[in-house]
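> The structure follows.
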Amino acid sequence: LAAPQGALAVFAITAETAAGLDSQVAQHFGHAPYFVLADVADGQVTGAVSLVNPFAEAHEPGQIPDFIHRQGAEVMLSGGMGARAIDFFNQAGVRTATGASGTVRQALERYLAGALTPAAPCAEGAGHDHGHGHGDGCSHG
């Protein structure tokens with residue numbers, strides 16, 4: 001659903017550094033070191049701030065989606081995301097999209113252009129091993 005013209009939407013994007021829109025998108029949602037909160041109006045980014053992920057090292061299911069929801073985010077973009085996180089976001093009314101890559105700015109532009117798909121959980125298995133030996137959210141090998 002597109003936001004009405006003139007409406008402000010708040011996006012949260014996983015990020016590897018505190019470089020804001022110029023940061024690389026973090027590929028693993030739960031272990032992203034940072035989140036960028038970006039304000040978007042009329043399809044244009046009007047502001048952005050980087051937040052440290054307080055749960056990057058250790059978290060319980062639902063803590064990070066709750067943290068993002070409390071920041072006022074309406075849309076969450078990430079490289080990859082597990083099914084439980086997607087469920088928590090859905091329950092909170094936050095839209096999710098995965099497959100984001102490149103810089104945070106590029107991921108936002110692709111989402112706004114309709115090029116990112118709604119989130120589908122990565123094939124992590126029901127156990128959701130928090131040891132995670134993989135580099136990104138979906139390319140398990």
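The values are calculated or read from the model by the stated rules, or taken from the named source; none is laboratory data. Computed from a predicted structure; not experimentally measured. Neighbour counts run over all protein chains shown; Cβ positions are idealised from the backbone, glycine included.
> Assess whether G62 counts as being at pLDDT 95 or above, on the phi > 0 side of the Ramachandran plot, surrounded by fewer than 17 Cβ atoms within 10 Å (Cβ to Cβ) and out of contact with any Pro (no Cβ under 7 Å at 6 or more places or on another chain).
No.
> Scan the range 70-87 for residues that are surrounded by fewer than 19 Cβ atoms within 10 Å (Cβ to Cβ) and either assigned to a helix (DSSP H, G or I) or without any contact (Cβ under 8 Å) to a residue 12 or more places away in the chain (or both) and report the count.
As a first pass, look at the range 70-87 and keep what is surrounded by fewer than 19 Cβ atoms within 10 Å (Cβ to Cβ): 70-72, 74, 83-84, 87.
The next check asks that each one be either assigned to a helix (DSSP H, G or I) or without any contact (Cβ under 8 Å) to a residue 12 or more places away in the chain (or both); those that pass are 70, 83-84, 87.
Total satisfying the criteria: 4.
> Give me a count of the residues in the range 23-49 that are of a type outside the set (V, I, T) and either part of a strand (DSSP E or B) or more than 15 Å from the chain's Cα centre (by Cα) (or both). Please lay out each step first, then the result.
Restricting attention to the range 23-49, the residues satisfying the condition of being of a type outside the set (V, I, T) are 23-24, 26-35, 37-39, 41-44, 47-48.
Now narrow it down to the ones that are either part of a strand (DSSP E or B) or more than 15 Å from the chain's Cα centre (by Cα) (or both): 24, 28, 34-35, 37-39, 41-44, 47-48.
Number of matching residues: 13.
> Keeping to the range 11-32, report how many residues are among the aromatic types (F, W, Y) and touching a Leu at 6+ places or on another chain (Cβ under 7 Å).
Of the residues in the range 11-32, the ones among the aromatic types (F, W, Y) are 11, 29.
From the residues that got through so far, the ones that are touching a Leu at 6+ places or on another chain (Cβ under 7 Å) too are 11.
The total comes to 1.
> Is it the case, given these coordinates, that G93 is within 10 Å of the chain's Cα centre (by Cα) and not hydrophobic (A, V, I, L, M, F, W, C)?
no
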